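Report on one structure; see the data block that follows.
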Amino acid sequence: MKKIVTLLLSLSVVGCATIMNDATHSVQITSNVPDTKYVVKNKTGIVVQNGVTPSSVNLRVASGAYSSEKYLIDFTKDGYLPSTTIIDSELSGWYFGNLLFGGIVGLAIIDPITGKMWTLPDNANGSLSASR
């Protein structure tokens, strides 16, 4: 019984998303045209990644305490019109685990400060059209 109480008290001072999520998320970058160049910019316009599709990149899920991250991915290839895809952080399902385990401390303080209350989609796809 003492171990169970200790476990429950320990869980009440941490955030569920902080335990289960990472500060970065792996996103698979693809396009409908192979070998398309891409540039990933964060919400402040800073280039954080670039490469050629298909590729996998690790992106930060938050831009700071209490602040989600958003990315613009520009796709370009000779003979095709450029394309832009937006990916935006969303609340992690683990964040809501605080309602059962992490309590108000995890919900209002721990997960938001670590930024781990956010997650990103697993995939981002660029769709290019042939230029005329």
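Every number here is computed from the coordinates shown, using simple stated rules; none is lab data. Nothing here was measured: the structure is a model prediction, and the numbers come from that model. Cβ placement follows ideal geometry from the backbone for every residue including glycine, while neighbour counts extend to all protein chains displayed.
Things to note:
- R0 of 22 Å, Cβ-Cβ distance Lys43-Ser127: FRET efficiency to nearest 0.05: 0.50
- Amide proton proximity set for Gln49, modelled H, under 5 Å, gap of 5+: Val40
- Hz values of 3J(HN,Hα) by residue in region 121-126 - Karplus curve (6.51, -1.76, 1.60), Gly and Pro given as x: x, 6, 9, 9, 10, x
- Amide H contacts of Ser68: Ser63, each under 5 Å away and 5 or more positions distant or on a separate chain (H built 1.01 Å from N in the peptide plane; Pro and chain starts excluded).
- The amide H of Tyr80, built 1.01 Å from its N in the peptide plane, has Ser131 as neighbours under 5 Å, considering only residues 5 or more places off or on other chains.
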